Amino acid sequence: MSNYSIKSLEEYFQVYRKSVRDPETFWEEIAEEHFDWRRKWDSVLHWDFSKPEVKWFDGAQLNITENCLDRHLQIRGNKTAILFEPNDPKEEAEHITYRDLHERVCRMSNILKENGVNKGDRVCIYLPMIPELAITVLACARIGAIHSVVFAGFSSNALATRINDCDCKIVVTSDGSYRGAKTLDLKSIVDKALEECPQVSHVLVAKRTGQKVNMKRGRDQWLDSLMEQAYADFPAEIMDAEDPLFILYTSGSTGKPKGMVHSCGGYMVYTAYTFKNIFQYREDDIYWCTADIGWITGHSYIVYGPLANGATTVMFEGVPSYPDSGRFWEVVQKHKITQFYTAPTAIRALAKEKLDYVNSYDLSSLKVLGSVGEPINEEAWHWYNNNIGKGQSPVVDTWWQTETGGIMISPIPYVTPTTPTFATFPFIGIQPALMDDQGNEILGNQTQGKLCIKFPWPSMARTIWGDHERYKNTYFSAFDNCYFTGDGAFRDEVGYYRITGRVDDVIIVSGHNLGTAPIEDAINEHPAVAESAIVGYPHDVKGNALYGFITLKEVGESRDRDNLMKEINQKIAEQIGPIAKLEKILFVSGLPKTRSGKIMRRILRKIASNETENLGDISTLLNPEVVQEIMEAASAKQV
Ligand code: PRX
């Protein structure tokens, strides 16, 4: 028997050792015993990080939706697969059973097929958190099309860039979306984006808000009527384990977003196995992850991981503050949630509110609390642990990335003793390493370095869509024979890891990855702007917020500065989305630069964080005089 469910710390150590000593046998047993394959693999693992090339279960054939849906029909057909909790608490929750979900996914598969989508084609999904989102994702997987979900908070420009990068011919969207008290006009964002995407020939529109939208004849169709007519069965396409399952874009420190490509077999095995253990999922549990399916957390731990385990997974359309700050806890009580998985930024925002919002609800169903997306600070950890978990539900601080596909470093609840701010031990099969600046591995404990992973794991991204060279350069060139995460980490005396944050130009704001370069590009498009530099600084709710240092083309520019700030943020919202707006803007006469012309962000970071006592060596600067000016202007702004 394979060790599918780990129950004690000894067992964790024993299974971990096995997974590292003989990874192929280990993963082969897991894959063999817990999943349905149409054909078994010829080899478990083939890898070469120098190319880089990684293949898991090569030669195997499967369809992930047979594992997420069909195989549950006999035993769990009437069990709720997706529990949809709408934005408005007065609207009834919808229980979608495995049988219903299977049927709706089959109908959607037929619709996609009838609209010309074939195996290997890319489908852009731009939907709010309504059941159609999960259904479309699964329908793509069923017909072998590659889904590219774009978070429905992205702007039309960001959407167009993503549609064009992977050449989607079809977009699935909705008329509008509800977010708290707001109604957003999704269809018109799509219409605007499609002005830049002439190849898109079909748009399928789900009805959610009922608002009036433009339907372009010959291109746009209402999904609801198609669903009614569609045939309710569809034989799953047989996929190779290494065929792409989806593309998901993530920001890089430079240039355009990176379309991370995940493949079918390894991703299924790893997300299912981590889900089972890290949430200690049991058959009658009701699991809720508050993320949006537009992010990797939603892909792996709302859709695929839970459904592969036959779980009940909650899809929440709303926001934590609507109709009031008790909403999360009201939902926990209402559905008797057993595992709750959210982001530190939400915890920090709710911790600022009165405790009455928590204490009015019965949270005794909770068994496991999860955190993901950014470091969870000690105060937030304790608030979560004490007030939500009442000290009874372990907090699992899960570290991972869009690129890793699944959770990499995390406690296993009721197995690994938790410590605030530590993601603790690597998960089974994961071999982390800390590196120094010379590229050598730092051995031993009580040490800090750049976090790498030395050995492949089944759910790692295989490439960047259309740019394998960039994949190699970004992740496999900084250190020999290692995947570089872009994060720094500290390892304590027992071997627990604490993630210390990004070591590149990616800033995590409210759990969202934002590259500085695309934001600077957006700002520089404003006609008054000469140059800009964005840095992050600590923010008590968002974790980090963005600080923009901007020089204008005309010195002494007489325009209204407040207006200019608004226009600049407007530009950012248009190019990327409101999540990338700057919290603070400072207009300066110059940016600190090295003699080779590189902006010294280190100095700006210190100024933005108000840590100006020790700016380090500024003698190598081309223009040291601007540092004083920027410091004075920044401190005047703090007051
Ligand atoms: O810096 C790390 C941070 O989020 C980055 C990955 O972001 P993304 O690809 O959007 O995926 C987020 C959801 C998996 C990481 O490089 N991060 C994620 N989880 C944690 C974290 N930092 C500290 N602790 C975490 N638990």
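For this structure, a couple of remarks:
- Based on Cα contacts under 8 Å between residues 6+ apart, the chain shows a relative contact order of 12 percent.
- Checked against a 31 Å cut-off, the cross-linked pairs 55/256; 90/216; 390/584; 187/637; 187/542 give Cα-Cα distances beyond that limit for 90/216; 390/584; 187/637.
- Of interest is the spacing of the C-alpha centroids, which for the range 454-506 and the range 250-295 amounts to 17 Å.
- Options 371, 594, 133, ranked by Cα towards positive dipole end of the chain, top entry (Cβ charges): 133
- The mean of 1/r over all distinct Cα pairs in the chain, once inverted, gives the Kirkwood hydrodynamic radius of 25.5 Å.
- Each listed q (0.21 Å⁻¹) maps to a log10 I(q)/I(0) for the range 494-639 from the Debye sum over equal C-alpha point scatterers, namely -1.47.
- Relative contact order (%) - the range 497-639, alpha-carbon pairs under 8 angstrom, separation at least six: 20 percent
- At the residue level, residue 46 shows approximately 80 square angstrom of accessible surface with a 1.4 angstrom probe and all protein chains present.
- Spatially, the range 64-121 and the range 323-356 are offset by 27 Å when compared through their Cα centroids.
- Accessible surface for residue 598 stands near 140 Å², nearest 10, in the context of the full protein assembly shown (1.4 Å probe).
- When 163, 238, 618 are compared by accessible area at a 1.4 angstrom probe, the order from most to least is 238, 618, 163.
- About the Cα centre, charge dipole magnitude for the chain (Lys/Arg +1, Asp/Glu -1 at Cβ), debye: 480 debye
- When cysteine pairs in the chain are screened for C-beta atoms closer than 4.7 angstrom, the residues that find no partner are 68, 106, 140, 166, 197, 264, 289.
- The trypsin sites (Lys or Arg not before Pro) of the range 489-558 that meet both conditions, a loop assignment by DSSP and at most 12 other Cβ atoms within 10 Å of the site Cβ, are 553.
- If you sort 130, 508 by accessible surface, 1.4 Å probe, largest first, the order is 508, 130.
- Inter-probe distance in nm under a simple model that places probes 7 Å from Cα toward Cβ, at residue 446 and residue 562: 5.5 nm
- Computed over protein heavy atoms with a 1.4 Å probe, the carbon and sulfur contribution to the accessible area of the chain reaches 47%.
The values are calculated or read from the model by the stated rules, or taken from the named source; none is laboratory data. Bear in mind the structure is a predicted one, so any value in this text is a computation, not a measurement. Don't worry about glycine lacking a Cβ; one is built from the backbone with ideal geometry, like all the others, and counts go over all protein chains shown. With ligands, DNA and RNA removed, areas are computed over all heavy atoms of the protein, side chains included. Shrake-Rupley method; radii C 1.70, N 1.55, O 1.52, S 1.80 Å.
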